[in-house]
């Protein structure tokens, strides 16, 4: 779909990735390609870059079975010629190069490397991945701690907000405790709840619940009905 718009230098960023890096010298670099990387304890969930003796990338390996190479590719690329990437993708499709029924960018980049692409790596200091629920919550925590919190601008009677937290202006919150590290989307409705370390997407409704380390999808409804309970000493109830 983007083919007709791509020509010359280009950056490619995966949608589920957030990184911090310095791009100020990118125009001064005459290399044909760059892939940004970061060492990780377990690279098997990611792609990795194999580096040759000359310091250039030899190949990319998608979701490796082994853990010998921990230089994970973070989903951020620079190509000096977008046309070369398009040609490689077309070749990949013609060859039917897939992994578990999917086409991966790593195979297209490997075709470019076969054709002589000179690609370097650059390391990033901050890489936040949203590929798993826990990774998404960790990313939410980082963003709130680094400027995405709006708790200093919100004050509602009957609502206690423990920063950092984000509450969308169109969310309705009553008789609840929000935060720390909670993000509340637009048109959410929250009543008699305690929510921390969690993300509520747009339109979610929560009533009478204590939520921690939770992801609540759009327009989901979570409510606890009133109940009468008698418990003995040292009882523990988990809902």
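Throughout, read-outs are computed from the coordinates displayed, never taken from laboratory work. Because the structure is predicted, anything quoted here is derived from the model rather than measured. Cβ atoms come from the backbone with ideal geometry, glycine included; neighbour counts cover every protein chain shown.
Once fully extended, how much extra length lies between residue 102 and residue 162, figured as 0.36 nm per residue of separation less the alpha-carbon to alpha-carbon distance?
Taking residue 102 through residue 162 to full extension adds about 17.3 nm, to one decimal.
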- Fewest first, what order do 139, 156 take by the number of other Cβ atoms within 10 Å? 156, 139
- Message: With a cut-off of 8 Å between alpha carbons and a minimum separation of six or more residues, what is the relative contact order of the chain in percent?
- Response: 14 percent
- Note on the structure: Sorted largest first, the C-alpha extents of segment 45-123 along its principal axes in whole angstrom are 32, 29, 20
- Note on the structure: Relative contact order in percent for segment 149-223 (Cα pairs under 8 Å, 6+ apart) equals 21 percent
- Item | Per-residue Cβ neighbour rank within 10 angstrom, fewest leading, 209, 67 | 67, 209
- What label, among (i) 0.96; (ii) 1.11; (iii) 1.05, belongs to Rg/Rh (Cα atoms, Kirkwood Rh) computed from the structure on display? (ii)
- Message: Under 8 Å for C-alpha pairs, at least 6 residues apart: give me the relative contact order for segment 3-129, rounded to a whole percent.
- Response: 39 percent
- Item | Efficiency of FRET between residue 138 and residue 93 - r from beta-carbon atoms, R0 45 angstrom, step 0.05 | 0.80
- Query: Please state the Cα pair-distance histogram of segment 48-92 with 10 angstrom bins from zero: what percent is in each bin?
  - Reply: 22, 47, 28, 3
- Label 7 Å along Cα→Cβ of residue 67; segment 112-138 residues with amide nitrogen under 16 Å? none
- Arranged by the count of other C-beta atoms within 10 angstrom, fewest first, what order do 146, 168, 30 take? 30, 146, 168
- Task: Return an integer: the convex hull volume of the alpha-carbon atoms of segment 152-192, in Å³ per residue.
- Result: 55 Å³
- Note on the structure: The alpha-carbon center of segment 172-192 and that of segment 21-52 are separated, in whole Å, by 39 Å
- Just check segment 1-138 against the gyration tensor rule for me: Cα atoms, a ≥ b ≥ c as the square roots of the eigenvalues, rounded for a/c under 1.5, and otherwise prolate or oblate depending on whether a/b exceeds b/c. rounded
